[in-house]
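Input: a single structure, listed below in structure tokens.
Just so it is clear, none of the values below were taken in a lab; they were calculated from the coordinates. Keep in mind it's a predicted model, so treat the numbers as computed, not measured. Neighbour counts are summed over all protein chains in view; Cβ atoms, including those assigned to glycine, are modelled from backbone coordinates with ideal geometry.
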Amino acid sequence: MKKNRLIHISPKKTSVSTRAIHGTKLYAYKGPLTTPIYQTSTYRFNSSDDAVRFAKGDPSVYVYTRYHNPTVHDVEERLALIEGAESAALFSSGMAALTTAVLAVTHAGDEIISTPSLYGGSYRWMRDVLPKQGITVRWVSPDHLNEIFSLATPRTSMVYFETPTNPTLDIIDIREVVKHTRRAEKRLGRKILIMIDNTFATILNQDPFALGVDVIVESATKYLGGHSDIVAGCVVGSSSYIKDVKGLAKHHGGCLDPFAAFLLGRSLATFELRVQRQNDNALALARALERHPKVNRVLYPGLRSHPQHALAKKQMRAFGGMLTIEVKPSRKRTAVQAAVTVADHLRVAVNAMSLGGVETLVSIPVYSSHIFLSKEELRMHGVTPGMIRVSVGVEGIDDLVADFRQALDRI
Ligand SMILES: Cc1ncc(COP(=O)(O)O)c(C=O)c1O
């Protein structure tokens, strides 16, 4: 009789979809096809020795779901395989993931260098919360990445950034971030962790590890989850770093629920299919809207008109499912009123805040993610009142183009 064999596959030899579907269980013939939902808070010990083995670090002893859970663990392994990294940790949200990831290496008195064009929640956390914990954030302009070198001090623990940015779809040169950070490291003689929020592009469209980045954080609520039905986050990197992250996560308590992990694992199987379709739909919609008389600009890195199209081509495999349109004001309506009119008259696309799902969603940045930013901050982030951010889903492209056209006709 054949043995039940779990074969650890080499990530380099299989496609993303094969890794996403089979994980480390490729060629295993026994047991349930899908990993069951271990919907439990705790685990039976064989004997009290198990508690001691756990305390000494034996990873095979499960104790408590805030520490670890087999369903969560299975998805973490698959995620690490997909992203081509040693290890991954899942969290109850993207914010739980990124805050734990930052605090795992940053302590009172330390400094972080970050670009300012971040997801609103990340930006506000860095602007408002970190300083209260004695952590200084130094902002570097994406147009002057060489300043990373001079901004870095012996207290700098990490460089943090996002690309493409939200909602303006600017591209930050990943190679440049890495180059200037490594130069600073040499000067200071200390390790500076480079962390990227890869939520918008995902590993399918942009591989930051191949360009020298150390850590990827992501809101798994978005493309990884892909169905607008879970909130989750992940941190991906080296085994030793993820061990530290998980150590802190035990205290901070942002563990992913096993059922959400199951749904996330289920979504990973169609991750590549969904993202390919979203890429195709986004490019087609961007091209169609670019020619529309009521549209001022379409911001999409895959368009030749995008000011950083060449850089996008250099560091991205495809350009993702996110685009932003800026509508023109009319005689009757200001720019923001025109944006509201479009958002409120869409019938296929939904007016809702999130992104990355199979459904096309739109949101108006000055009414949502950027509502509490000052005029000066909006200018710094390049956000204007007529902008509508579109997260393109997997619907039929003709339906989407027709939907946006009829809504734009209402301006
Ligand atoms: C780019 C980006 N990073 C992080 C987050 C935070 O993720 P979550 O909402 O899952 O906490 C979001 C949420 O919209 C996001 O868009």
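Charge dipole (Cα centre; +1 on Lys/Arg Cβ, -1 on Asp/Glu Cβ; no other charges) of the chain amounts to roughly 540 debye.
Cross-link reach is defined here as a Cα-Cα straight distance under 27 Å, omitting same-chain residues fewer than 8 places apart; for residue 328 the lysines meeting it are 294, 375. Averaging the Cα positions of each part gives two centres, and for region 10-71 and region 238-272 these lie 12 Å apart. Neighbour counts of C-beta atoms inside 10 Å place 377, 83 in the sequence 377, 83, starting with the fewest. Counting only alpha carbon atoms, the long axis of helix 258-268 and the longest principal axis of the chain meet at about 60°. Converting phi to 3J(HN,Hα) with the Karplus coefficients 6.51, -1.76 and 1.60 and the offset θ = phi - 60°, region 112-126 yields 10, 10, 9, 7, x, 7, 10, 3, x, x, 5, 4, 5, 4, 5 Hz in sequence order, with x at every glycine or proline. In order along region 177-184, the phi-based Karplus estimate (6.51 cos²θ - 1.76 cosθ + 1.60, θ = phi - 60°) of 3J(HN,Hα) comes to 4, 5, 4, 6, 5, 5, 5, 5 Hz; Gly and Pro are listed as x. Within region 272-408, all pairs of alpha-carbon atoms sorted by distance into 5 Å bins from zero give the percentages 2, 11, 20, 24, 21, 15, 6, 1, 0. The lysines within cross-link reach of residue 246, meaning a Cα-to-Cα straight distance under 21 Å and a gap of 8 or more places when in the same chain, are 56, 191. Placing dummy labels 7 Å off each Cα toward the beta-carbon, the span from residue 143 to residue 229 is 4.6 nm. Extending 7 Å from the Cα toward the beta-carbon at both residue 55 and residue 409 defines two label points whose distance is 7.3 nm. For the chain, taking the reciprocal of the average inverse distance between every pair of different Cα atoms yields a Kirkwood hydrodynamic radius of 22.4 Å.
Potential lengthening of the chain between residue 248 and residue 378 amounts to 43.4 nm, from the contour at 0.36 nm per residue minus the alpha-carbon distance.
Computed from backbone phi with θ = phi - 60° and the Karplus coefficients 6.51, -1.76 and 1.60, the 3J(HN,Hα) list for region 281-291 is 4, 5, 4, 5, 5, 4, 5, 5, 6, 4, 8 Hz; x is used for glycine and proline.
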